[in-house]
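Colleague: Before anything else, here's the structure in question.
The values are calculated or read from the model by the stated rules, or taken from the named source; none is laboratory data. Quantities reported herein were computed from a predicted structural model and do not represent experimental measurements. We place every Cβ from the backbone using ideal geometry, glycine too, and count neighbours over all the protein chains shown.
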Amino acid sequence: MVQRARRIATIPPYLFAEIDKLKAEARARGVDVIDLGIGDPDKPTPEHVIEALTAAAQDPGTHRYPPYDGLPELKRAIADWYKDRYGVELDPETEVLVLIGSKEGLAHILWAYVDPGDVTLVPDPAYPVYRTGTLMAGGIPHAMPLLAENGFLPDYSAVEPAVADKAKLLFLNYPNNPTAAVATPEFFATTVEFARKHDIIVCHDFAYCETTFDGYRAPSFLATPGAKEVGVEFNSLSKPYNMTGWRVAFAVGNKDVLAALSIIKTNIDSGVFNAVQLAARAALTGPQDMIAEMNKMYAGRRDVLIQGLNSLGWQLEPTKGTFYVWAPVPEGYTSKSFAAELLSRCGVNVTPGNGYGEYGEGFFRVALTVDEARMAEAVQRLREQGITFTGKKR
Ligand SMILES: *Cc1c(COP(=O)(O)O)cnc(C)c1O
C-alpha cells in the first residue's frame, strides 16, 4: 500500500472508539442504553427554517455556485444579529465569513497561520479540532490546562513567555464544551491584553452563544474593547437553531484574519448551498422564541441530572450554559473505567473526560440531549446499582 501522509499519522487514536464498542455490544445484548454521550440537539430545526429552505431550493437561482465569502443577504443578517445581541458592529463585507460549519472554519484557520513547527495555545480539555488541526498543519499544540480551581479558564501567567511569544493562535470556547464553564468580560479583557503583548490571534469558538440558562447571557469575545484587533469569533447555527446537520456557520471579527482564512477556503471548498444560506438567514431573522424554549428544556434536564447526582453524593453547581454537565468520577476510577462501569452495570453511556485531553482525566461528560424522564431513569439506574460519589470534591 502507498504510505499515507505524515499528517494522518500525527492524529491521535480516536479515544471514544472503545466506549463506542462497549455501547454497541450492550445494545446487541438487548440493553436499553440511555445515551448521554451525544452532543447534538435532539429536537428538529424550526419549521419556518425548513420552509425557507424548500422555497429557496425551488428557485433555480440558488442552484449555482455560491459567492465564496457567503451570500450578501446572509452576511448582512449576521451583522445585524451581532449588533442586536452583543452590541458588536461588523462590516458585512469584510468582517463576516460564511463557513460550512464552525468545525470547518476552526480546522482551516490553522492552515492559514500554522507552518511546521509553529505553536498554538489550546485549552485542555477541549473540543478536539484545535489540537488535531494544529497537528495536521505540522504545528505544536501547547496545552493550557483548564482546572476546576480556576473555573475552567486558562491561566495565562502559567504560559511561559517564550512559548507565548512563539504562539500564533490561541483557542478559547465559552460557554465551554466539555466543562460547561462560562467566561466573564474581565477574562476576555485579560485575553486581549495577553494577545496584544505576545502578538497572538485569538480564535473564540462561540458555538454555545445562545445556550444559556436562568437569565444568564454569555458575553461575545468581540464585545471586549480591542478584541477585533486581535481576534475572530466562530459562531454557528448548529446548536442554537438545532441545525447541526445543515452545515452552516460563520466567522466574524478581524478582517485580515478572515481574509487569510478565505484564501484557504477558496482553494478547498466552494461555499454553502445558497438555499441553506437563505434558510440560515431565516433562522437569524425569524422568530427567536424557540431558543428560550430549548434553553428551558435543557435547564429542566440539567436540574433532574444535577439534583439526581447530588442526591448520590456529588456536589455540582447548576450550570449556566451549554447542554453538558462535567462531573468528577468517584474515587478509585479513571474516566474510562467509570464510563465502562456505567455502561456495563447501568446501560448508561457517558463520555470519558480524558477523550478531551489529559486534563479531562478524572471527569465524565453528560449531554442533556435526552428528555427528563430518560434522564431521571439514568439517575435511578445509578441509584439502584449503588453508584455514589465519595471522595474528592469538584
Ligand atoms: C458543536 C461544536 C462545534 C461545531 O459546530 P458546527 O458549526 O456544527 O461545525 C464547534 N465547537 C464546539 C465547542 C462544539 O461543541
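Colleague: Do the conditions hold for Gly347, that is, is it under 26 Å from Val129 (Cα atoms) and buried (at least 19 other Cβ atoms within 10 Å of the Cβ)?
Modeller: no
Colleague: Is there any pair linking a residue in the range 287-310 that is closer than 18 Å to Ser238 by Cα to one that is surrounded by 20 or more Cβ atoms within 10 Å (Cβ to Cβ) and among the β-branched types (Val, Ile, Thr), with Cβ under 8 Å and at least six apart or on different chains, and which?
Modeller: Qualifying pairs under 8 Å: Met294/Thr211; Asn295/Thr211; Asn295/Thr212; Tyr298/Thr211.
So that you can scan it fast, the table gives a plain yes or no per residue for (1) of a type in the set (Val, Ile, Thr); (2) touching a His at 6+ places or on another chain (Cβ under 9 Å); (3) modelled with pLDDT of 95 or more; (4) outside the structural domain of Ser102 (by TED's automatic domain parsing):
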site	(1), (2), (3), (4)
Pro141	no, no, yes, no
Val159	yes, yes, yes, no
Lys166	no, yes, yes, no
Leu169	no, no, yes, no
Phe188	no, yes, yes, no
Phe213	no, no, yes, no
Pro219	no, no, yes, no
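Colleague: Next question. If you check Ala227, Ala251, which single one turns out to be within 14 Å of the ligand (Cβ to nearest atom) and either touching a strand residue (DSSP E or B) at 6+ places or on another chain (Cβ under 8 Å) or over 30 Å from Met290 (Cα atoms) (or both)?
Modeller: Ala251 is the lone residue from the list that is within 14 Å of the ligand (Cβ to nearest atom) and either touching a strand residue (DSSP E or B) at 6+ places or on another chain (Cβ under 8 Å) or over 30 Å from Met290 (Cα atoms) (or both).
Colleague: Within the range 93-116, count every residue that is touching a helix residue (DSSP H, G or I) at 6+ places or on another chain (Cβ under 9 Å) and either assigned to a loop (DSSP other than H, G, I, E, B) or not assigned by TED's automatic domain parsing to the domain that holds Glu73 (or both).
Modeller: Residues in the range 93-116 being touching a helix residue (DSSP H, G or I) at 6+ places or on another chain (Cβ under 9 Å) and either assigned to a loop (DSSP other than H, G, I, E, B) or not assigned by TED's automatic domain parsing to the domain that holds Glu73 (or both): 6 in total.
Colleague: So, Asn274, is that one under 22 Å from His204 (Cβ atoms), crowded, with 17+ Cβ neighbours inside 10 Å, at pLDDT 95 or above and of a type outside the set (Gly, Ala, Ser) or not?
Modeller: no
Colleague: Among the residues of the range 61-70, what is the count of those that are in contact with a strand residue (DSSP E or B) (Cβ under 7 Å, 6 or more places away or on another chain) and either more than 16 Å from the ligand (Cβ to nearest atom) or outside the structural domain of Leu172 (by TED's automatic domain parsing) (or both)?
Modeller: Residues that pass the stated criteria total 1.
Colleague: Only one of these conditions is not met by Gly105: (1) surrounded by fewer than 21 Cβ atoms within 10 Å (Cβ to Cβ); (2) within 12 Å of the ligand (Cβ to nearest atom); (3) more than 25 Å from Thr319 (Cα to Cα). Which number is it?
Modeller: Here Gly105 meets the rest and fails (1).
Colleague: Would the range 80-91 turn up any residue that is modelled with pLDDT of 95 or more and closer than 13 Å to Phe273 by Cα?
Modeller: Scanning the range 80-91 turns up no residue that is modelled with pLDDT of 95 or more and closer than 13 Å to Phe273 by Cα.
Colleague: Considering the range 189-203 alone, what residues qualify as being surrounded by fewer than 24 Cβ atoms within 10 Å (Cβ to Cβ) and either polar (S, T, N, Q) or without any contact (Cβ under 8 Å) to a residue 60 or more places away in the chain (or both)?
Modeller: If the condition is that a residue be surrounded by fewer than 24 Cβ atoms within 10 Å (Cβ to Cβ) and either polar (S, T, N, Q) or without any contact (Cβ under 8 Å) to a residue 60 or more places away in the chain (or both), then Ala189, Thr190, Val192, Glu193, Phe194, Ala195, Arg196, Lys197, His198, Asp199 are the ones that fit.
Colleague: Okay, next question. Does at least one position in the range 127-136 carry a residue that is surrounded by fewer than 22 Cβ atoms within 10 Å (Cβ to Cβ) and away from the ligand (no atom under 16 Å from the Cβ)?
Modeller: yes
Colleague: Can Thr94 be described as away from the ligand (no atom under 12 Å from the Cβ), surrounded by fewer than 21 Cβ atoms within 10 Å (Cβ to Cβ), of a type in the set (Val, Ile, Thr) and touching a residue at least 12 places away in the same chain (Cβ under 8 Å)?
Modeller: yes
Colleague: Looking at Pro116, is it farther than 26 Å from Ala167 by Cβ and either away from the ligand (no atom under 16 Å from the Cβ) or at pLDDT below 95 (or both)?
Modeller: no
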